[in-house]
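Peer 1: I have a structure here, written as structure tokens, and I will follow up with some questions on it.
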Amino acid sequence: MIKFFYKFINYLTLLIMKKLLLLTLVLSIFSCTNKESDACNELKNSKILLSDNMENYRSAWEKSFLERDINVLDEYLHENVTHLNEDGVVNAKGPEEFKNAYAGYITGFPDSEFLIVNLFGDGDQLIKHWNFKGTHAESGKKVNVYGATLVKMKDGKIFQEQDYWDARKFYKQLSE
């Protein structure tokens, strides 16, 4: 009888341990799944934000050059938008100054083409590789330059731009 009792106790202990092990396994699986779901949701939201920012940004520049109207940018510019030179110094602050910094590329080059060669980023930060070409209205000289722009978006609007390009090449083409 005592032997039977010990076997029964061992059986119950083993059964309880198996159930505890199974319960621990199930809980850890659900715990991992929730953590993975949170990370997955965060990644999805980040990709959606990036996609929206890229679409807004691309639309802003494509529309302004296609319609030959810098004021198209109004709906895409943050109220505190700034443009920085290559050294990080602010050379345009606010929507009007920002638009004025670029207006000459539309009005001064009536046949200008602005191509976004590549656009990529992370969240609210974008990098644009671009090509600008056109014929200068007054001189008839053709220009063709490439550059890159660092972009910060805020609330889906252009918040800051910093252009990097070979301005000497641009002005040399205008003077030849």
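To keep it simple, each residue is scored yes or no on (1) under 32 Å from the mean Cα position of the chain (by Cα); (2) touching a residue at least 12 places away in the same chain (Cβ under 8 Å); (3) exposed (fewer than 14 other Cβ atoms within 10 Å of the Cβ).
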{"residue": "Lys133", "(1), (2), (3)": "yes, yes, no"}
{"residue": "Thr149", "(1), (2), (3)": "yes, yes, no"}
{"residue": "Lys152", "(1), (2), (3)": "yes, yes, no"}
{"residue": "Asp155", "(1), (2), (3)": "yes, yes, yes"}
{"residue": "Asp163", "(1), (2), (3)": "yes, yes, no"}
{"residue": "Tyr171", "(1), (2), (3)": "yes, no, yes"}
{"residue": "Ser175", "(1), (2), (3)": "no, yes, yes"}
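Peer 1: Also, I was wondering about something else. So Thr82 ticks every box in (1) surrounded by 11 or more Cβ atoms within 10 Å (Cβ to Cβ); (2) part of a helix (DSSP H, G or I) but one. Which box is left unticked?
Peer 2: It is condition (2) that Thr82 fails.
Peer 1: Here is a further query. What pairs come out if I take residues in the stretch 64-86 that are within 12 Å of Lys154 (Cβ to Cβ) and pair them with residues that are aromatic (Phe, Trp, Tyr) and at pLDDT 95 or above whose C-beta lies under 8 Å away, six or more apart or interchain?
Peer 2: If the second residue must be aromatic (Phe, Trp, Tyr) and at pLDDT 95 or above, the pairs left are Tyr76/Tyr57; Leu77/Phe98; His78/Phe159; Asn80/Phe159; Val81/Phe98; Val81/Phe159; Thr82/Phe98; Thr82/Phe159.
Peer 1: Keeping to the stretch 45-79, report how many residues are hydrophobic (A, V, I, L, M, F, W, C) and in a strand (DSSP E or B).
Peer 2: The initial filter retains those residues of the stretch 45-79 that are hydrophobic (A, V, I, L, M, F, W, C), namely 48-50, 54, 60-61, 65-66, 70, 72-73, 77.
Right, trim to in a strand (DSSP E or B) and you get 77.
Qualifying residue count, the stretch 45-79: 1.
Peer 1: Here is a further query. Given the condition over 16 Å from the mean Cα position of the chain (by Cα), farther than 23 Å from Gln125 by Cα, modelled with pLDDT of 80 or more and among the charged types (D, E, K, R), answer yes or no: does some residue in the stretch 8-22 qualify? Reasoning before the result, please.
Peer 2: Step one: list which residues in the stretch 8-22 are over 16 Å from the mean Cα position of the chain (by Cα), which gives 8-22.
From what's left, farther than 23 Å from Gln125 by Cα: 8-22.
Then drop every residue that is not modelled with pLDDT of 80 or more, which leaves none.
No, the stretch 8-22 has no match at all.
Peer 1: So which of Glu86, Glu79 ends up being modelled with pLDDT of 95 or more and under 30 Å from Ala103 (Cβ atoms)? Outline the logic, then answer.
Peer 2: On the way: Glu86 fails: modelled with pLDDT of 95 or more.
From the options Glu86, Glu79, the qualifying one is Glu79.
Peer 1: Can we say Ala39 is in a helix (DSSP H, G or I) and modelled with pLDDT of 95 or more?
Peer 2: no
Peer 1: Kindly provide the set of residues from the stretch 85-132 that are assigned to a strand (DSSP E or B) and charged (D, E, K, R), ordered by number. Steps first, answer last, please.
Peer 2: As a first pass, look at the stretch 85-132 and keep what is assigned to a strand (DSSP E or B): 90-93, 113-122, 125-132.
Correct list: Lys93, Glu113, Asp122, Lys128.
Peer 1: Output the residue which, of all residues in the stretch 42-58 that are at pLDDT below 95 and among the hydroxyl-bearing types (Ser, Thr, Tyr), is surrounded by the most Cβ atoms within 10 Å (Cβ to Cβ).
Peer 2: By that ranking, first place goes to Ser46.
The values are calculated or read from the model by the stated rules, or taken from the named source; none is laboratory data. From a predicted model like this one, the values you see are computed outputs, not experimental measurements. In this analysis, Cβ positions are derived from the backbone assuming ideal geometry, glycine residues included, and neighbour counts consider all displayed protein chains.
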